[in-house]
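Asker: Got a structure here, written out as structure tokens. Questions coming.
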Amino acid sequence: MRALKAVLMAGGEGSRLRPLTCGIPKPMVPVANRPVMEHILELLARHGFREVAVTLQYLPEAIREHFGSGGNVGLRLTYFTETEPMGTAGGVKNAAPFLADTFLVISGDALTDLDLGRAVAFHRERGAWATLVLARVDCPLEYGVVITAPDGRIRQFLEKPGWGEVFSDTVNTGIYVLEPRVLEYVPADRPFDFSKDLFPRLLAEGRPLYGLVLEGYWCDIGDLYQYLEAHRAVLEGRVKINLAHREVAPGVWAGEEVEIHPEAVIKGPVLLGRGCTVAKGAVLEPYTVVGPGSRIGARATVKRSVLWEGVRVGEGAALRGTVLGRGVEVRAGAQVYEGTVIGDDSVIGEGAVVKPDVKLWPGKLVEAGSVVNYSVIWGTRAPRRFFGNEGIAGEANSDLTPEMAVRVAVAFGALLGAGSRVAVSSDADLFARLLRSACACGFQSAGARVVDLGIGIVPLHRFGVRALACRGGIHVRRDERRPGRYVMVFTDGRGVNVNRDLQRKVEAALARGDVRRAAPAELYEVEPARLVVEGYLQALLRGAEPRGPGERPGHLVLAYDPSTLGALIPRLLAELGLTAENVPREPVGVDPDGVMPELTRRVVETRALLGAAIGAGGEELVLVDEEGRVIAGDLLLALLGLTSLKVWGGPLVVPVTAPAALEALAQAHGTRVIRTKTPPAEWLGRLLAEYGEGEASWSRVFLYCDALAALTAVVGVLCREGVTLGQLVAQLPPLYRKHEALPVSWGARGRVIRELAERPTPHGVELVEGVKIYYPEGWTLVLPDPEEPVCRVYTDATSWEVAEALTERCLARIKEILGE
């Protein structure tokens, strides 16, 4: 390979690695006691590169001073500094005068030993304009997923997908081989990214854009979990780098002038930097890295920890799975636990305890004997997502505490901006009200103007956020299916669940732990909401069909929780001219067996128009017809689709999991079906885009997640057409549906989805979310669950037998991929 030039991107701030990066740029973070960027420069030198352009932005002088002209690593370095962030491609564009021929782009803050020469050779063989080096990973959620043809030509990009969009486990490593002509596409006056801007444009124009999967080690050191994993890989020999230490005992590497007492115990693999001292009785357990000049005191124990330069560990102290910055002092008898990060020059006093997952910013003092349990990062798994299907959920006073609610609300409020109007609400449960108060305090601390909607249901919260012109809000409710579990529902200014982009920003703010808080002069009193219930009821009534003078009033049998719905249902029924009785209520789930027998019995006995069990959150609904037949799940979704067509017309907007019968209904009504992804933010967002955001369209937009809107609309159709609920259901096409959940580990699900998507199928594959495989007699959808290690299989067919057969075929294919 003739000598090429490379561009090393070293402008990273490393916000997710804070407090480690409070005083240094991310490429200077040490891995195995040397800056991670130094390992990358040595990799370039090994593959024949001689000249490297280094793009800088955050704390550039730290990199210039350490590496200088590059002679120590056998390279000639030229520096290009951005005065403001210009994106990945924009930063490289800044170095364009340096680049006259094919060149390689690589990140200075990842650890890898990939064969760069092979990537360049592949690029030239294909005549590519751009070649992306790809790697296979177990969990591709936080990366850019790339889908390629068999010859390597790129077909599709997915930037940080949800599990339902993971059609491949091959991800973009941030290593590119490029022709100079691609920089002509990069504007000089605004931020521009390779993955978000340049490559999608080249793909759209049909330019020769290729991807190459390389074997070897690659780790994007994006967070603290990956930082520790990179050290584990080094100590296990899984990544080929120059350790620059000698092996003094099996699995024990040490620099010069290391002193180890004969009665110290060291269990490899362990790495000891130059000038370290390990005292009598000290124990170093596997996967420990000790920085240069550090001292481990007598009888101290260190397990699975990374200590930077100049750390002092006192007599009898205990470190477990922690990272200590430069100059940290842990005094005698102190204990520092799993997942903690202690910033530079901090002091942990004698006998103090730092509980799991705590972060201390540089220069902090923990007084002797004190216990620090204020956690900035929630949980110990990484990458850990706070948000699940509905919001943030957890066990009361365990996963989900008032302190946690305050911190989340501060982060959310800071993102919405000081002075923003926000709403809080909850159901009537005591702990839910406690969390609501905590959220209000957190919002206030961020300088937000808080409106308290009080006790209510999720749809009322959505309406209140919109009606009061709030930027967002949080509703807290108990989980009916799991006693002791609670859910915090986050909404944007439209009353829709916040999207994944905003969720990530909240998670990143929590991980950094340094969100902006308001000064006393910027604080606002909490305001009580006014007239929200009245406005909500009026919005529901706009979706109802009026009764004619000759139509009989109906009687309903309901099962609901009066503590949250008692202020709404009686008033709504009075406006509709309906009578009702409320039977003792049990939890309502998607499973029809969860509807109590008493409800169905009373519907038949009283000859009611219908029965309805309404979830305490006001979102779930199960109907019972005049003969006691239960209408729930897919059948209810189809019924609501039919109701929407009769009241408002088309098109229908439903998730990818919805029954195929809706296409037949839409066709019969002269319209079409639009299918969306399943997350509420995606579905509701598309409904708003199609139907509008005014109050007049409330029931139409929120029909599928507002039990009262759905009940009002269905009753309206029954009264207008003079039919029973059973007769209305009879207008639906038959449904032959089957659902299964197959355990698939987090690490294997990306491969499962990729292989299903790549397998040739004669009748086509759809990749809206998950993989939908079409057959002449139906379809099967495989959708990874975002919260559990399972893949859910949905089948829609022309008969029960076919549904069973298609499901079994799909399950067998997944098991084959898994090697079962």
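Asker: Quote to one decimal, in nm, the extra length available between R485 and A730 on full extension: 0.36 nm per residue of separation minus the C-alpha distance between them.
Answerer: Values: separation 245, 0.36 × 245 = 88.20 nm, distance 3.82 nm.
Full extension of this stretch gives 84.4 nm more.
Asker: In nm, what is the difference between 0.36 nm times the number of residues separating E236 and S745 and their Cα-Cα distance? Mind showing how you got there, number by number?
Answerer: Numbers: separation 509, 0.36 × 509 = 183.24 nm, distance 2.37 nm.
Additional length available on full extension: 180.9 nm.
Asker: On to the next question. Count the DSSP beta bridges whose two residues both fall in the chain, then state the antiparallel fraction as a percent rounded to the nearest 5.
Answerer: Values: 64 of 150 bridges.
Antiparallel: roughly 45 percent of the beta bridges in the chain.
Asker: Would you mind counting up the charge near V289? Only other residues with Cβ under 14 Å from its Cβ, with Lys and Arg at +1 and Asp and Glu at -1.
Answerer: On the way: positive: R34, R232, K267, R274, K303, R304, R326; negative: E229, E236, E285, E309.
Local charge sum for V289: +3.
Asker: Take the Cα of V765, step 7 Å along the line toward its Cβ, and report every residue of the range 775-796 whose backbone nitrogen sits under 12 Å from that point.
Answerer: Answer for the range 775-796: 782.
Asker: If I take the Cα coordinates of the range 393-524 and project them onto the principal axes, what are the three extents in Å, biggest first?
Answerer: Principal-axis extents of the range 393-524 (Cα, largest first): 40, 32, 28 Å.
Asker: Taking the simple approach of a point 7 Å from Cα along Cα-to-Cβ for both R246 and R136, what is their distance in nm?
Answerer: Once both label points are built, they end up 4.1 nm from each other.
Asker: Need the C-alpha centroid separation for the range 91-155 versus the range 385-435, integer Å.
Answerer: When both Cα centres are located, 41 Å separates them.
Asker: Near Q731, within a Cβ-to-Cβ distance under 11 Å, what is the net charge of the other residues, with Lys and Arg +1 and Asp and Glu -1?
Answerer: Details: positive: K646; negative: E721.
Net charge in that neighbourhood comes out at 0.
Asker: Based on DSSP H runs of at least 4 residues, each adding -39500 (n - 2.57), what is the mean residue ellipticity at 222 nm of the chain after dividing by all its residues, to the nearest 500 deg cm²/dmol? Mind showing how you got there, number by number?
Answerer: On the way: 22 runs with 233 residues, N = 820.
Helices in the chain give a 222 nm mean residue ellipticity of -8500 deg cm²/dmol.
Asker: Could you please report the charge total around R809, scoring K, R as +1 and D, E as -1 over all other residues with beta-carbon less than 13 angstrom from its beta-carbon? All intermediate terms of the calculation are to be shown ahead of the outcome.
Answerer: Numbers: positive: K738, R759, R813, K815; negative: E740, E777, E801, E804, E808, E816.
That works out to -2.
Asker: Using all Cα-Cα distances in the range 194-255, what percent lands in each 5 angstrom bin from 0 up to the longest?
Answerer: Spelled out bin by bin, the range 194-255 gives 4, 13, 15, 14, 13, 12, 10, 8, 5, 4, 2, 0 percent.
Asker: Take the residue pairs K267/K303; K303/K355; K5/K240; K280/K355 and return only those whose Cα atoms are more than 18 Å apart. List each step's numbers first, then the result.
Answerer: Numbers: K267/K303 10 Å; K303/K355 15 Å; K5/K240 22 Å; K280/K355 27 Å.
Beyond 18 Å: K5/K240; K280/K355.
Asker: Shifting gears a bit: Which GluC sites (Glu not before Pro) does the range 595-697 hold that lie in a coil by DSSP with at most 11 other beta carbons within 10 Å? Show your work: numbers first, answer last.
Answerer: On the way: sites: E598, E605, E619, E620, E626, E627, E663, E682, E690, E693, E695; in loops: E619, E620, E626, E627, E693.
Answer in residue order: E627.
Asker: Give me D for the range 229-322 in µm² s⁻¹, whole number, from Stokes-Einstein with Rh from the Kirkwood sum over alpha-carbon pairs, 37 °C and 0.692 mPa s. Walk me through the numbers on the way to the answer.
Answerer: Values: Rh = 12.8 Å.
Here the translational diffusion coefficient equals 257 µm²/s.
Asker: Quick one: Kirkwood hydrodynamic radius for the range 445-521, alpha-carbon pairs, angstrom, one decimal? Can you show the working numbers first?
Answerer: Values: mean 1/r = 0.0711 Å⁻¹.
Kirkwood hydrodynamic radius for the range 445-521: 14.1 Å.
Asker: Where Rh is the Kirkwood radius over the Cα pairs of the range 746-820, the temperature 4 °C and the viscosity 1.567 mPa s, what D in µm²/s does Stokes-Einstein return? Please list the in-between numbers first.
Answerer: On the way: Rh = 12.6 Å.
Value of D from the Cα-based Kirkwood radius: 103 µm²/s.
Asker: Let me ask something else about it. With the crude spin-label approximation of a point 7 Å out along Cα→Cβ, what separation in nm comes out for R494 versus E205?
Answerer: About 3.2 nm, to one decimal.
Asker: Which listed residue (I106, V498, V790) has the Cα farthest towards the positive end of the charge dipole for the chain, taking +1 on Lys and Arg C-beta and -1 on Asp and Glu C-beta about the Cα centre?
Answerer: Of the listed residues, the answer is I106.
Asker: Over 21 Å apart: what share of the alpha carbon pairs of the range 656-744 falls there, rounded to a whole percent?
Answerer: On the way: 1772 of 3916 pairs.
It works out to 45 percent of all Cα pairs.
Asker: Still on this structure, I have one more. Over every pair of different alpha-carbon atoms in the range 39-169, take the mean of 1/r and invert it; report that Kirkwood radius in Å. List each step's numbers first, then the result.
Answerer: Numbers: mean 1/r = 0.0595 Å⁻¹.
Kirkwood hydrodynamic radius for the range 39-169: 16.8 Å.
Asker: Another question, then. Looking at the range 197-306, send over the antiparallel percent of its DSSP beta bridges, to the nearest 5. Can you show the working numbers first?
Answerer: Details: 3 of 18 bridges.
DSSP beta bridges in the range 197-306 are roughly 15 percent antiparallel.
Asker: I'm checking a number: the convex hull volume of the Cα atoms of the range 276-333, normalised per residue, in Å³. What is it? Kindly include the intermediate steps, with their values, before the conclusion.
Answerer: On the way: hull volume 3.0 nm³, N = 58.
For the range 276-333, the hull spanned by Cα atoms encloses 52 Å³ per residue.
Asker: Using the Cα atoms as the points, what is the convex hull volume per residue of the range 1-87 in Å³? Intermediate results must be reported in sequence, preceding the final value.
Answerer: On the way: hull volume 8.9 nm³, N = 87.
Per residue, the Cα convex hull of the range 1-87 comes to 102 Å³.
Asker: Which of these values of Cα extents along the principal axes in Å was calculated from the structure shown: (i) 195, 65, 48; (ii) 98, 80, 63; (iii) 98, 65, 53?
Answerer: Given (i) 195, 65, 48; (ii) 98, 80, 63; (iii) 98, 65, 53, the structure-derived one carries the label (iii).
Asker: Quick check: with the 1.4 Å probe, what order do S425, S745 take by accessible area, largest first?
Answerer: Working: S425 5, S745 65 Å².
My answer, sorted largest first, is S745, S425.
Asker: Among the trypsin sites (Lys or Arg not before Pro) within the range 649-715, which fall in a DSSP loop and have no more than 14 other Cβ atoms within 10 Å of their own Cβ?
Answerer: Details: sites: R672, R675, K677, R686, R700; in loops: R672, K677.
Within the range 649-715, the qualifying trypsin sites (Lys or Arg not before Pro) (loop, at most 14 other Cβ atoms within 10 Å) are R672.
Asker: Something else: Would you compute the Debye intensity of the range 486-539 from its alpha-carbon atoms alone, equal scatterers and no solvent, and pass along log10 I(q)/I(0) at q = 0.18, 0.21 Å⁻¹ to two decimals?
Answerer: -0.98, -1.08
Asker: Another question, if that's okay. Mind checking the log10 I(q)/I(0) for the range 293-366 at q = 0.11, 0.22, 0.23 Å⁻¹? Debye, one equal scatterer per Cα, no solvent, two decimals.
Answerer: -0.19, -0.84, -0.93
Asker: Can you give me the accessible area per residue for the chain, using a 1.4 Å probe, in Å²? Show your work: numbers first, answer last.
Answerer: Values: 31890 Å² over 820 residues.
So the chain comes to 39 Å² accessible per residue, rounded to a whole number.
Asker: Give me Rg/Rg_expected for the range 748-792, where Rg uses Cα atoms only and Rg_expected = 2.2 N^0.38 Å with N residues. Mind showing how you got there, number by number?
Answerer: Values: Rg = 10.8 Å, N = 45, 2.2 N^0.38 = 9.3 Å.
That ratio works out to 1.15.
The values are calculated or read from the model by the stated rules, or taken from the named source; none is laboratory data. It should be emphasised that the depicted structure is a prediction, and the values quoted were computed from it without experimental measurement. Virtual Cβ from ideal backbone geometry, glycine too; neighbours counted across all protein chains shown. The area values use the complete protein model at the heavy-atom level, side chains included, leaving out ligands, DNA and RNA. Shrake-Rupley method; radii C 1.70, N 1.55, O 1.52, S 1.80 Å.
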